[in-house]
Each structure stands twice: as C-alpha cells, then as structure tokens.
1. Mean Kyte-Doolittle of at least -1.0 plus a Cα span of 27 Å or more along the axis: flag which DSSP H helices in the chain meet both, please.
2. Sort 107-115, 119-127, 163-171, 179-187 for me by packing, meaning the mean count of neighbouring Cβ atoms within 10 Å per residue, highest on top.
3. Once R0 is set to 30 Å, what does the formula 1/(1 + (r/R0)^6) return for the Cβ-Cβ distance between residue 195 and residue 14, expressed as a FRET efficiency to the nearest 0.05?
4. Probe radius 1.4 Å, ligands and nucleic acids ignored: give me the carbon and sulfur share of the accessible area of region 48-204 as a rounded percent.
5. Give the shape of the chain as rounded, prolate or oblate, defined through the alpha-carbon gyration tensor: a ≥ b ≥ c are the square roots of its eigenvalues, a/c under 1.5 means rounded, and otherwise the shape is prolate if a/b is larger than b/c and oblate if not.
6. Compute the Rg to Rh ratio over region 23-90 from the alpha carbon atoms, using the Kirkwood formula for Rh, and round to two decimal places.
7. Rounded to the nearest 5, what % of the DSSP beta bridges within the chain are antiparallel ones?
8. State, to one decimal in nm, how far the label point of residue 179 lies from the label point of residue 112, with both points 7 Å from Cα in the Cβ direction.
Amino acid sequence: MGNISDKNTRLHIKSEIRVLGIDDSALLSDRIMIVGAVFRGGDWLDGVLRSEITRDGMDGTDTIIQMVKPSKHFVQLRVIMLDGITFGGFNPIDIVKLNDETGLPVVAIMRKYPDFKKIESALKYLPEPEKRMDIIKKAGEIAEVTTYADQRASPLYIQWAGIEEEDARRIVQQTSTRSNIPEPLRVAHLIATGVVFGESRGKA
C-alpha cells in the first residue's frame, strides 16, 4: 500500500512550506495539459510548471517526474499535491513511484470518496485495465479531512505516500486558505482551465 508507515517520514511543517499542486486541463484532445503551481504555504505563488500527458494513457506518473525533477523549483519543494490519482481521464498516477523517484511526499486530494466499482467498470474499455486498477489501489488508505478555511464545506478525502497521515492532513489544512481546496491545487486548476478555454472554468 502507498501509505505504509515505515516508508513515511515526519515533516517539519513551516508556514511557508513549498508545495507543488498539480491539476489537469479539460479533455479536449488526445494530449492533455497538466499544470503545476508552486506555492509557499497557502499564500504565495512562486512559480508555474507545465507539461502534457496522453488522454486515458499510462504516461502520467513518468511525465510528472520529468516535469518536476529538472525544475529550478525542485530543490525547494517539500510536498507534491495532486488533484486525485487519475489525470487526463483515466491516466493513473502511481503516488508510491512518484514519491520514490522524486524523494518528495505525495498527497492526492479528492472531493468525493471514490467509487471503485464504477472506476473498475470504466477501465474495462481501456488497454491494460488490471494494471491501471493496480496503480489506483496502490495509493492505499483513504482518510477524510475537514479544512480550516470553511468548516461548513464538504470534507475532502486524501491518499498519501512518503508522509505520515497526520502531516498530510496538516498540510492540506494549512494550505486551504481561501476555500476548502488547498491553494496550490485551486490555482493550478485556474491556470489550466484559463489557458485552454481563455478563462478559468469549473470549481477551483
């Protein structure tokens, strides 16, 4: 599982911890843009990364690794935050491999608890459905988190790798400064949809 405790490390979480939030753009073609927003805590945008993955492909994990490691921001990053564990339709992100290859803890955030039966059913129509499902299941345990920004908002759900659950929760809460969505992901979404559509769209 992706969150076995003996593989996880405790973080010294500063108020301006460098977090990279990654989200994808709309499914408008076979090549899907992904955007990374580098944040200091939940307050300051420090930089933007960009790459492309294949719609419903299997290249998401390696593409993120190749986007992150050569970046000038890499040495300052402390956490990678993902909007879910599938990008570009059903391009699964192996958060354990992403943690292993970058040395950075990974936290995947979901707005709803995943329906694995529906996911497994949808994957039957794609190549290598079992391999895709194995990557999704590899992300491990799911925990519910209520953010500080809006106690009335619906809770989020997280999966994690290379970090303790308590620290993952704290980072999500600490970076959710303007909504119940952490700022690195909220801004990555705004940038991704803004570039594709000409203006930002959807829930951020």
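The values are calculated or read from the model by the stated rules, or taken from the named source; none is laboratory data. Bear in mind the structure is a predicted one, so any value in this text is a computation, not a measurement. For neighbour counting, all protein chains shown are included, and Cβ atoms are generated from backbone atoms with ideal geometry for every residue, glycine included. Each accessible area value is taken on the protein alone, full model and side chains, heavy atoms only, with ligands, DNA and RNA left out. Shrake-Rupley method; radii C 1.70, N 1.55, O 1.52, S 1.80 Å.
1. Values: long enough: none.
Helices meeting the criterion: none.
2. On the way: 107-115: 16.9, 119-127: 13.3, 163-171: 19.9, 179-187: 24.9.
Final packing ranking: 179-187, 163-171, 107-115, 119-127.
3. Working: r = 31 Å, r/R0 = 1.02.
So, using R0 = 30 Å, E works out to roughly 0.45.
4. Values: 3490 of 7520 Å².
That share works out to 46 percent.
5. Details: a/c = 1.32, a/b = 1.15, b/c = 1.15.
Rounded shape, in that the Cα axes give a/c under 1.5.
6. With Rg and the Kirkwood Rh in hand, the quotient comes to 0.97.
7. Working: 27 of 36 bridges.
The antiparallel fraction comes to roughly 75 percent.
8. 1.7
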